[in-house]
2 protein chains.
Amino acid sequence: MSGSKSGGLTVLVFGADGYIGWPMAMHLSKLGHKVVAVDNLARRRWDREGGTYSLLPLRSMGRRVARWQDVSGHPIEWRRADLRDFPAVDALFAEFRPQAVIHFAEQRSAPYSMVDREHATMTQVNNVVGTINVLFAIKDRVPDCHLIKLGTMGEYGTPNIDIEEGYIDIEHNGRRDRLPFPKVAGSFYHLSKVHDSNNIHFATRAWGVRATDLNQGVVYGFETEETSLHPDLHTRFDFDSIWGTALNRFCVQAAVGQPLTVYGKGGQTRGFLDIRDTMACVTLALENPAERGECRVFNQFTEQFSVLQLAELVAKVRHEHGLETTISHVPNPRVEAEEHYYNAKHQLLLDLGLKPHFLGDTLLESVIQMVEQHASRVDPVLLEQPSVSWKSGGNEVWDRYSNKEGASPASRKAVPAGSADLV
Amino acid sequence: MSGSKSGGLTVLVFGADGYIGWPMAMHLSKLGHKVVAVDNLARRRWDREGGTYSLLPLRSMGRRVARWQDVSGHPIEWRRADLRDFPAVDALFAEFRPQAVIHFAEQRSAPYSMVDREHATMTQVNNVVGTINVLFAIKDRVPDCHLIKLGTMGEYGTPNIDIEEGYIDIEHNGRRDRLPFPKVAGSFYHLSKVHDSNNIHFATRAWGVRATDLNQGVVYGFETEETSLHPDLHTRFDFDSIWGTALNRFCVQAAVGQPLTVYGKGGQTRGFLDIRDTMACVTLALENPAERGECRVFNQFTEQFSVLQLAELVAKVRHEHGLETTISHVPNPRVEAEEHYYNAKHQLLLDLGLKPHFLGDTLLESVIQMVEQHASRVDPVLLEQPSVSWKSGGNEVWDRYSNKEGASPASRKAVPAGSADLV
């Protein structure tokens, strides 16, 4: 690989308008890599569809990129394109001949994938076809290119054994093999990531593609070194039941004085990481590429928490400020184990040099403080009961707040200013 | 389940125009089940695209169904529909409220899925979306319906441990769990079946669907009790490198006096079964349904052979008739292990009562005899080098013989009469 740790790689960032994609594009740009930011802006469209929005106002990609050049002196090349459109994908590879591709460009919400049949099939087709298109473009245009693909820890589900990083050594009837770790994914979204992982693994074996599949945990935090340089550079902060995480929802509920709503018993345990560690992990993968034909899998998180533990952490931070917070258990809209063994390995990125930021009071306080500053933008409706059930799909809350295709403008819900600042 | 072993179930057979689907529809009809035969006739279209055809002439579905009623006295309801068209699928479930669905309606050729990017994505979208549509129709219309889905032994690949039936007990770091058997599929087609299996497994857990996933080996033979009743009732016999199996190709090569072409070393070992045993296996699954919420996996084959063993079997049968046959090794167009351990379990269908037909001289002789009767229909071009490579897709043979969309009629290849007898 040319370029190396001193920067200078040409990198396509697919999904560069997203929560992680945008900070990632800036981070790599600052490190001296040539960054091409690509997105179809689907996430903003899905927000308009569901009546959801980022608590932090988002600028258009054009404005973000111009502001970034302004404050950092580094250019980012911005291209609007859809990964399902192969001629567009192929043209990007032909024009830029990237050394690496970082692929975040997928529908990434489990509840959104469970709204109904259309959302389930859209999620799987969007994610699977986009990834296959990238694999063919790499094979045919730049076979040495390193694919860094965002997967999810949710691919594994919650097995009753330790979760390894992508592969497991199995001894069975006196013989041994190292095989892909069995996956038991819990939504059509999580399944789409399993499908991607299987397709990518095949492309490494059949075509010698070099790939790193990052099985990421739940990311928290809203600030990186780069986003904090100017309000125009903010990334998303989702708090609704479709796009937000439990931790974000708890912080917002705390800030507006509502009880923290835990789904079911709250024993659901997952891996978590700070968004600054996501920047570091992806950069480590980029600067230490997989070999040709290698399908490397890293579990990308730094700590495990149960949902109830997160609620208790938020309540503790509030208590230290003299504010009392209640925790309430609501019926779980998902089909999932609420008490289970969970021990997932996450050593490989540490071995590459990751220095984790752990979840502490300071981070939680900064999130709650940010929410308080933007409290007028919180529509309490978005903190109501979850709008999607795993068994029956989008419920009356979804129906009430979603803006159906073809709905008349009068029936469309208003969202706070700055939420739909499109190109 | 109403109906039971005495017949009387309402069964949708999806993919009823295919090699197995058509004999299956007749078999279940004869057993007294109410059969609705559904197909979009895609397989005939793909034949026209690739310049391939069945050695046994095929009648239209309309003519087949009429002839079947004629000779058996049993009706089969024939409906042309595409599983990707959800309103059509939903209407079938609403109209017939089936107790069971037998789902063969997928693109089922590994080489066809490897022609190029378009064929890869078409295969995965067609198979995955069709299956998701069936799952939603079951959930919303007939939650008690039993889904019997054709998977493939190729989902497992060739691990260095015994292959179990769908699940494996893993002991790891002092803990145990029973998890899905790890899959290492070897083409975009085989991967599509893995995606299906994962989606179906999820639907059983989330929605309580009852499912049987039949991981079928390579099927051989061209006759069942029902197809032999009248020439109009024949099923397909494919012998080209896209749709045919190695065994069919060897029988045709032997009949026309060509060397048998083994890909690479020929140590590739797979599970095989007689088409009459496919009839029996699917019927056993139908008449002994899975429980609500159960995702039951059966490995559906009766014997293991290597490709070289099959070539040697064909040569032996010819030798017994005083005919000498040579075996030639040609470069392997696939990316696969040519020598490997292979021991796949296949006990569960035997436990349900399967009485296997093993591959013997009689069967091979009957196939070769049938081929000899139709030898004038064999286009030797279809026995030439494989037209699709795993590394580079469709080659010059594919380009020469495929009929591209929009090709002028003059450039389309003629195929023998009766090959495209469409509705």
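The values are calculated or read from the model by the stated rules, or taken from the named source; none is laboratory data. Just so you know, these numbers come straight off a predicted model, no measurement behind them. Because the Cβ atoms are built from the backbone with ideal geometry, glycine has one as well, and the counts that use them run over all protein chains shown. To get the accessible areas, we keep the full protein, side chains included, count just its heavy atoms, and leave off ligands, DNA and RNA. Shrake-Rupley method; radii C 1.70, N 1.55, O 1.52, S 1.80 Å.
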Rounded if a/c is under 1.5, else prolate if a/b beats b/c, else oblate: with a ≥ b ≥ c from the C-alpha gyration tensor eigenvalues square-rooted, which is region A:96-219? oblate
Reported to two decimal places, what Rg/Rh ratio describes region B:43-84 when computed on Cα atoms with Rh from the Kirkwood expression? 1.07
Give me, ordered by chain and number, the residues 5 or more places off residue B:354 or on other chains with an amide H under 5 Å from its own placed amide H. none
Rounded to the nearest 500 deg cm²/dmol, what is the calculated helix-only ellipticity per residue at 222 nm for chain A, with -39500 (n - 2.57) per DSSP H run of length n ≥ 4? -11000 deg cm²/dmol
Rounded to whole Å and ordered largest first, report the semi-axes of the equivalent ellipsoid of region B:152-228 derived from its Cα gyration tensor (root of 5λ). 27, 18, 13
Accessible heavy-atom area order of A:313, B:150, highest first, probe of 1.4 Å: A:313, B:150
For the rotation bringing B onto A, which B residue has its Cβ nearest the axis, and at how many Å? B:195, 2
Radius of gyration and maximum dimension Dmax of chain B, Cα, Å: 20.8, 69
Scattering curve values for region A:5-63, log₁₀ I(q)/I(0), Debye with Cα scatterers, q = 0.16, 0.20, 0.23, 0.30 Å⁻¹: -0.54, -0.76, -0.92, -1.27
My understanding is that a pair violates if its Cα-Cα distance is over 28 Å; which of A:34/A:355; B:345/B:391; A:391/B:149 do that in this structure? B:345/B:391
For residue A:339, which inter-copy label distances result when the label point lies 7 Å beyond Cα on the Cα-to-Cβ vector, reported in nm to one decimal and in ascending order? 5.4
In Å and on Cα atoms, what radius of gyration and Dmax does region A:230-361 show? 17.3, 56
Taking a straight Cα-to-Cα line shorter than 14 Å from residue A:193, and setting aside same-chain aspartates and glutamates fewer than 8 residues away, one finds A:106, A:155, A:213, B:196
Considering the alpha-carbon set of region A:83-142 alone, what are its Rg and its Dmax in angstrom? 13.2, 39
Non-local residues with an amide H under 5 Å from the amide H of residue B:151, with H modelled 1.01 Å from N and Pro and chain starts lacking one, are B:214, B:215, B:216
Calculated FRET efficiency for the pair residue A:291/residue A:230, C-beta based, R₀ 56 Å, to 0.05: 0.90
Once amide H atoms are placed 1.01 Å from N in the peptide plane, what residues at a sequence separation of 5 or more from residue A:262, or on another chain, have their amide H within under 5 Å of its amide H? A:328, A:329, A:330
What are the nm distances, shortest first, from residue B:118 to its equivalents in the other copies, labels at 7 Å along Cα→Cβ? 2.8
Check: chain B dipole with +1 on Lys, Arg Cβ and -1 on Asp, Glu Cβ, in debye: 820
Can you give the three extents of the C-alpha atoms in the protein assembly as shown along their principal axes, from longest to shortest, in whole Å? 94, 60, 58
In nm, to one decimal, how far is the modelled label at residue B:340 from the one at residue A:140, with both set 7 Å along Cα→Cβ? 2.7
Computed over the Cα atoms, what is the radius of gyration of region B:22-149 divided by 2.2 N^0.38 Å, N being its residue count? 1.13
homo-copy label distances at residue B:365 (7 angstrom along Cα-Cβ), nm, one dp, ascending, are 9.0
Just tell me how shielded B:204-214 is by partners: mean number of partner chain Cβ atoms within 10 Å of each residue's Cβ, no decimals. 2
